[in-house]
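Student: Below you'll find the structure I mean.
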Amino acid sequence: MTNETLNHPLFSIWLGILSRCNLPSHPAFKHYGGRGITVAPEWMTFATFADDMGPRPSPQHSVEREDVNAGYSKDNCQWATTTEQGRNTRRTRWLTHDGETLSLAEWAERCGVNASTLSTRLQRGWPVDVAIATATDRPMGLARVLTRQTDRLCADAGISRSTFYGRLRAGMTEQEALALPPCAKRPPDGFESLSKVTLGTYYARLRWGWTKDEALQTPAREKPLRLQTKPGRQKSQRPRHVRLVTYQGETLPVTEWARRVGLSPATLIARLNAGTPIDVAMTAVPQYGKRLCRPSVMEQLREAGMKPGTYYARLKIGMTPEQALSTPVDRHRHSFRLKAGE
């Protein structure tokens with residue numbers, strides 16, 4: 001081969017076709033030569049291939065076989081882009097409607113629905129004519145058929161997609177929603193004479209599910225009885241659990257006892273849950289990080305050389321206060337040592 005042939009822009013394409021179809025060592029041989037795809041005898045010569053295909057339209061074009069199960073020949077090959085070739089594969093689903101046969105992706109683009117939507121309709125047993133002719137059941141018009149189109153419209157108007165959809169839910173048309181500047185809301189007709197609330201409250205009520213009449217005519221800080229809570233949220237009718245504590249012959253809620261003795265309810269509940277005797281829990285004062293004890297008990301613990309934790313641990317296992325104080329501390333089982341004179 002001459003240098004002119006080797007430097008030809010189509011030579012690498014022709015060489016790739018021959019390699020895929022004739023060389024078992026090629027990575028793609030199983031998809032081409034391995035399944036019977038061949039090259040026409042006349043195309044074994046590069047000059048014939050270049051004359052039959054003509055110049056390459058653009059760097060994005062490559063050789064496409066019109067029939068993906070037939071070989072490379074003049075009658076079966078043409079130039080096509082990557083997108084066009086992606087719609088002509090062994091997995092492509094072809095649909096015929098009104099005497100015209102196109103791929104599923106092309107029909108979806110033509111009728112203005114998503115390709116996955118059209119595929120799902122056919123999987124559910126819809127007739128081809130009905131699946132293609134039925135528009136999407138979206139309430140916001142043509143601008144929402146494709147999200148890409150909606151984003152383009154919103155970008156041109158200088159608003160976000162959520163702002164655009166919010167205006168449509170408030171009753172604006174697409175043209176009005178796109179025409180308003182950002183952060184601008186259009187008052188409804190007769191708002192000044194009928195409304196008893198601000199414009200922001202009116203739109204907030206619409207988002208909560210109020211009707212337009214209720215949102216306009218209900219005074220501020222008042223709601224219709226059926227809309228006391230947001231939709232989907234119901235107040236629990238279960239009675240609150242009240243913990244009762246009996247102390248000195250009187251039974252009251254733990255919150256009331258906490259108020260009387262000057263403690264927080266959480267502190268008193270924590271003491272009772274830890275097994276602290278009721279009289280100690282009611283009268284103990286903080287000791288800067290130690291277990292809470294009455295001053296008299298702390299004095300006895302100091303005399304006995306015992307920590308509050310040891311004292312309460314003994315009470316938990318069933319000892320009386322006298323036994324807990326009189327039983328000597330096993331120094332080998334505790335990490336602290338008692339100093340003489342304490």
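The values are calculated or read from the model by the stated rules, or taken from the named source; none is laboratory data. Every value quoted in this text rests on a predicted model; they were computed, and no experiment measured them. As a convention, Cβ positions derive from the backbone with ideal geometry for all residues, glycine included, and neighbour counts pool all protein chains shown.
Student: Return the pairs, sorted by first residue and then second, in which the second residue is part of a loop (DSSP other than H, G, I, E, B) and at pLDDT below 80, the first residue lies in the range 153-181 and is within 14 Å of Y203 (Cα to Cα), the beta carbons are less than 6 Å apart, and the residues are 6+ apart or on different chains.
Tutor: L168/M140
Student: Could you please tell me which pairs satisfy a Cβ distance under 6 Å, a separation of 6+ or placement on different chains, a first residue in the range 80-101 that is within 18 Å of H31 (Cα to Cα), and a second residue that is assigned to a strand (DSSP E or B) and of a type in the set (D, E, K, R)?
Tutor: Q85/E64
Student: Pick from D75, D51: which is part of a loop (DSSP other than H, G, I, E, B), surrounded by fewer than 12 Cβ atoms within 10 Å (Cβ to Cβ) and among the charged types (D, E, K, R)? Can you show your working first?
Tutor: Details: D51 fails: part of a loop (DSSP other than H, G, I, E, B).
It is D75.
Student: Further question on the same structure: Of the conditions (1) surrounded by 11 or more Cβ atoms within 10 Å (Cβ to Cβ); (2) under 26 Å from S58 (Cβ atoms), L95 fails just one. Which one is it?
Tutor: Unmet for L95, out of (1) surrounded by 11 or more Cβ atoms within 10 Å (Cβ to Cβ); (2) under 26 Å from S58 (Cβ atoms): (2).
Student: Condition test on V113, is it crowded, with 16+ Cβ neighbours inside 10 Å, modelled with pLDDT under 75 and closer than 26 Å to T92 by Cα?
Tutor: Values: crowded, with 16+ Cβ neighbours inside 10 Å: yes; modelled with pLDDT under 75: no; closer than 26 Å to T92 by Cα: yes.
It is false that V113 is crowded, with 16+ Cβ neighbours inside 10 Å, modelled with pLDDT under 75 and closer than 26 Å to T92 by Cα.
Student: Give the residue that is modelled with the lowest pLDDT, with candidates limited to residues of the range 78-91 that are surrounded by fewer than 14 Cβ atoms within 10 Å (Cβ to Cβ) and part of a loop (DSSP other than H, G, I, E, B).
Tutor: Once the filter is applied, the top-ranked residue is R91.
Student: Just one of (1) modelled with pLDDT of 80 or more; (2) surrounded by fewer than 17 Cβ atoms within 10 Å (Cβ to Cβ); (3) on the phi < 0 side of the Ramachandran plot trips up R271, so point out which.
Tutor: Tallying (1) modelled with pLDDT of 80 or more; (2) surrounded by fewer than 17 Cβ atoms within 10 Å (Cβ to Cβ); (3) on the phi < 0 side of the Ramachandran plot, R271 fails exactly one: (2).
Student: Moving to a separate point now. Which count do you get for residues in the range 10-26 that are part of a loop (DSSP other than H, G, I, E, B) and either under 18 Å from Y72 (Cβ atoms) or in contact with a Lys or Arg (Cβ under 6 Å, 6 or more places away or on another chain) (or both)?
Tutor: The first filter runs over the range 10-26 and keeps only residues part of a loop (DSSP other than H, G, I, E, B), leaving 10, 23-26.
Filter again for either under 18 Å from Y72 (Cβ atoms) or in contact with a Lys or Arg (Cβ under 6 Å, 6 or more places away or on another chain) (or both), leaving 10, 23-24, 26.
Total meeting the criteria: 4.
Student: Return the residues of the range 42-78 that are in contact with a Lys or Arg (Cβ under 8 Å, 6 or more places away or on another chain) and under 18 Å from R20 (Cα atoms); say none if nothing qualifies.
Tutor: E42, W43, V68, N69, G71, Y72, N76, C77 - these are the residues of the range 42-78 that are in contact with a Lys or Arg (Cβ under 8 Å, 6 or more places away or on another chain) and under 18 Å from R20 (Cα atoms).
Conditions (1) in the same structural domain as L118 (by TED's automatic domain parsing); (2) of a type in the set (A, V, I, L, M, F, W, C); (3) closer than 30 Å to L122 by Cβ, marked per residue:
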| residue | (1), (2), (3) |
| --- | --- |
| F11 | no, yes, no |
| G16 | no, no, no |
| L23 | no, yes, no |
| P27 | no, no, no |
| G33 | no, no, no |
| D51 | no, no, no |
| D67 | no, no, yes |
| L102 | yes, yes, yes |
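Student: Oh, and also: Tell me the residue from A204, A184 that is out of contact with any Cys (no Cβ under 9 Å at 6 or more places or on another chain) and modelled with pLDDT of 70 or more, please. Break it down into steps so the answer makes sense when it comes.
Tutor: Numbers: A184 fails: modelled with pLDDT of 70 or more.
Step by step, each of A204, A184 is checked, and only A204 is out of contact with any Cys (no Cβ under 9 Å at 6 or more places or on another chain) and modelled with pLDDT of 70 or more.
Student: Something else about it: Please work out which one of (1) under 25 Å from V68 (Cβ atoms); (2) exposed (fewer than 11 other Cβ atoms within 10 Å of the Cβ) is the condition S103 fails and give its number.
Tutor: Single failed check for S103: (2).
Student: Please specify each residue of the range 83-118 satisfying the condition of being more than 25 Å from D51 (Cβ to Cβ) and of a type in the set (S, T, N, Q). Walk me through it before giving the result.
Tutor: If we filter the range 83-118 for residues that are more than 25 Å from D51 (Cβ to Cβ), which is where we start, we get 83, 86-87, 89-118.
Those that are more than 25 Å from D51 (Cβ to Cβ) and of a type in the set (S, T, N, Q): T83, T89, T92, T96, T101, S103, N114, S116, T117.
Student: Still on this model: Do we have any residue at all in the range 285-292 that's surrounded by 14 or more Cβ atoms within 10 Å (Cβ to Cβ), at pLDDT below 85 and more than 49 Å from the chain's Cα centre (by Cα)?
Tutor: Pass one, the range 285-292, residues surrounded by 14 or more Cβ atoms within 10 Å (Cβ to Cβ): 291-292.
Checking the rest, the ones that are also at pLDDT below 85 come to 291-292.
Filter once more, so that each one left must be more than 49 Å from the chain's Cα centre (by Cα): none.
No: the range 285-292 contains no residue that is surrounded by 14 or more Cβ atoms within 10 Å (Cβ to Cβ), at pLDDT below 85 and more than 49 Å from the chain's Cα centre (by Cα).
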